[in-house]
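Engineer: Mind looking over this structure? Questions follow.
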Amino acid sequence: MSSTPQRYLLPCTWWIFSCFLLHGGRAAAAGKVPAIIVFGDSSVDTGNNNFIPTIARSNFWPYGRDYANGLPTGRFSNGRLATDFISEAFGLPPSIPAYLDTNCTIDQLATGVSFASAATGLDNATAGVLSVITLGQQLAYFKEYTDRLRVAKGEAAAKEIIGEALYIWSIGTNDFIENYYNLPERRMQYTVGEYEAYLLGIAEAAIRRVHALGGRKMDFTGLTPMGCLPAERIGNRDDPGECNEQYNAVARTFNTKLQELVAKLNSQLPGLHLVFADTYQLLAAVVNRPADYGFENAVQGCCGTGLFEAGYFCSISTSMLCGNANKYVFFDAIHPTEKMYKLLADTVINATLHVFM
């Protein structure tokens, strides 16, 4: 196979087709959650980075190998992401479109949209590493989206969508593994505890902004054990091949502080229903006992050697691609497989269903 990656963009015409397949030719009634609206990084980017000048992309094979007709979409996985499964669980379309995909109409975006950008973080400096979309720009796109909804749907319908939608935040890992522990600037400015506080201040401001624009039902997903990502194992100088327990400890302390922020905002912001989804415990359990969850490999990714490849490196390592991604926790050296994303989705669904349905 040529070393030049093939690029495909999956248009919103697949959104229409998938709705037909899943719902017998009509979209299911969304009930109390008419839309899923997503902010974050590569864990929830459904293709926005396809449309910006960055190398942080996955709109080429083998990404998307098990999605639809095997066409890559810009999702960093072999198939769907957790937010796609969450959308389906709430009776909405089984895939969430990317906001920057101009093939998508506002009617399609009205039931779900992702503003997320792979390689971004809460910190603008993190987004700057690979020139991706900052969280502030994601919020600007959201404001633009609400304005478009009002024009297309009318004030009352738009207000209902905005007020009853489920907002999902999945962001923060890159601030540590791509920025704080990889580049010197933030380490010179902040201790790790101070940096956590800095990031949580940005998260708080973002949540308050969406609340001011009408958002009420929100999930903020905690950090996973980022020290157990294959790429972090191989980069663990103290104990090569093993989880970086320093990184995992940071994830746990960040999550504890995030839960405190969730409680604070629920007490301060009128009508807000903000939940914390603990995905740390699930992924830690899967990594420690993969066979209990139907996996055979939790140490390497499916792509290439599974130790360092992600993005374009996966496209030039296809001769080493695994045969069955369902046996792997990770598809590349950073991102989970569709099967693992489904398990993570179940955790978020369990955290939100009792609150929002």
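Engineer: Rounded to the nearest 0.05, what FRET efficiency do GLU204 and ALA68 give with R0 = 35 Å and r taken as the Cβ-Cβ distance? Could you check?
Structural biologist: Calculated value: 0.40.
Engineer: Starting at 0 and stepping by 10 Å, how many percent of the alpha carbon pairs of the chain end up in each bin?
Structural biologist: The percentages, shortest bin first, are 6, 26, 37, 24, 7, 0.
Engineer: How much of the accessible area of the chain, in percent, comes from carbon and sulfur atoms when a 1.4 Å probe is used?
Structural biologist: 54
Engineer: Once you've got the GNM for the chain with C-alpha springs shorter than 10 Å, pick whichever of ALA125, ALA231, ALA98 has the biggest mean-square fluctuation.
Structural biologist: Result for the chain, Cα springs under 10 Å: ALA125 fluctuates most.
Engineer: Mind checking which lysines have their Cα closer than 26 Å to the Cα of LYS264? Skip sequence neighbours fewer than 8 apart in that chain.
Structural biologist: LYS32, LYS143, LYS159, LYS217
Engineer: List the residues, sorted by chain then number, that are 5 or more residues from PHE330 or on another chain and whose placed amide H is less than 5 Å from its amide H.
Structural biologist: CYS302, THR337
Engineer: Set Lys and Arg Cβ to +1 and Asp and Glu Cβ to -1, take the dipole of the chain about its Cα centre, and tell me which of GLY128, LEU272, VAL329 lies farthest positive.
Structural biologist: Looking along the dipole axis, the top candidate is LEU272.
Engineer: Across all directions of projection, what mean area in square nanometres is found for the Cα convex hull of region 39-93?
Structural biologist: Its average projected convex-hull area is 4.0 nm².
Engineer: Looking at the chain as a GNM with Cα springs under 10 Å, which of ASP238, ASP147, ASP332 has the largest mean-square fluctuation?
Structural biologist: Largest GNM mean-square fluctuation: ASP238.
Engineer: If you stretched the chain out fully between GLN259 and ASN297, how much longer would it get, using 0.36 nm times the residue separation minus the C-alpha to C-alpha distance?
Structural biologist: Contour length minus Cα-Cα distance gives 10.6 nm.
Engineer: Additional query: Roughly how big is the chain's charge dipole about its Cα centre, with Cβ charges of +1 (Lys, Arg) and -1 (Asp, Glu), in debye to the nearest 20? Write out the running numbers ahead of the final one.
Structural biologist: On the way: 27 positive and 33 negative charges, 152 e Å.
The calculation lands at about 740 debye.
Engineer: Next up: With the other protein chains left in place, how much accessible area per residue, in square angstrom, belongs to region 36-356 at a 1.4 angstrom probe?
Structural biologist: Averaged over the residues of region 36-356, the accessible area is 36 Å².
Engineer: Which one of ILE86, ILE234, ILE334 has the biggest mean-square fluctuation once the chain is modelled by GNM with Cα springs under 10 Å?
Structural biologist: ILE234
Engineer: Counting only helical runs of four or more DSSP H residues, what would the 222 nm mean residue ellipticity of the chain come to if each run contributes -39,500 (n - 2.57) and the total is spread over all its residues?
Structural biologist: Rounded to the nearest 500, the figure is -12500 deg cm²/dmol.
Engineer: Which residues does a label at GLU245 reach in region 281-306, if reach means a backbone N under 17 Å from a point 7 Å past the Cα toward the Cβ?
Structural biologist: Residues 284-285, 287-289 qualify, since their backbone N sits under 17 Å from the label point.
Engineer: Regarding region 60-143, what whole-number volume in Å³ per residue does the convex hull of its Cα atoms give? Don't skip to the answer; put the middle values down first.
Structural biologist: Numbers: hull volume 9.5 nm³, N = 84.
Roughly 113 Å³ of hull volume per residue.
Engineer: Could you state the principal axis extents of the C-alpha atoms in region 147-222, from the largest down, to the nearest angstrom?
Structural biologist: The Cα atoms of region 147-222 stretch 50, 18, 18 Å along the principal axes, largest first.
The values are calculated or read from the model by the stated rules, or taken from the named source; none is laboratory data. These numbers come from a predicted model, not from an experiment. Methodologically, a virtual Cβ is constructed for each residue, glycine included, from the backbone with ideal geometry; neighbour enumeration extends over all protein chains shown. Side chains are part of the model used for accessible areas, which takes the heavy atoms of the whole protein and leaves out ligands, DNA and RNA. Shrake-Rupley method; radii C 1.70, N 1.55, O 1.52, S 1.80 Å.
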